[in-house]
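The values are calculated or read from the model by the stated rules, or taken from the named source; none is laboratory data. On a predicted model such as this, the values are computed, not experimentally measured, just so you know. Neighbour counts run over all protein chains shown; Cβ positions are idealised from the backbone, glycine included.
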Amino acid sequence: MSSANFKFECGDEVKDKISGVKGVVVSRTEYLTSCNRYAIAEKKKPETWLHFDELQLEKTSAKRIVLEVTPVEFRTGGTKEIDNRSKTNPKK
């Protein structure tokens, strides 16, 4: 099995040539068909990732970007979130 030859690294700032979307590469995927796709996080909405083919993207900056992410803690054994985004009502 050969390794992928990716054009962009995670952290590279790129722009989609078709839609004009600009963002930071946060994930790369190589498919069996030799198609390389990238997940891009826009700076204004880093929690939303958009996916593009490699041929659609162009690098916009020589520097690499690091996104700050706040980890979310989850309790095991259930689906109830325990971070401060989740509010629960006490039972009466």
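Structural remarks
- When 23, 78 are checked against the criterion of being small (Gly, Ala, Ser) and either assigned to a loop (DSSP other than H, G, I, E, B) or modelled with pLDDT of 95 or more (or both), 78 stands alone in meeting it.
- Of residues in the stretch 59-73 being surrounded by 10 or more Cβ atoms within 10 Å (Cβ to Cβ) and outside any strand (DSSP E or B), the one modelled with the lowest pLDDT: 67
- Residue tally, condition in contact with a strand residue (DSSP E or B) (Cβ under 8 Å, 6 or more places away or on another chain) and loosely packed, with under 11 Cβ neighbours inside 10 Å, over the stretch 20-47: 2
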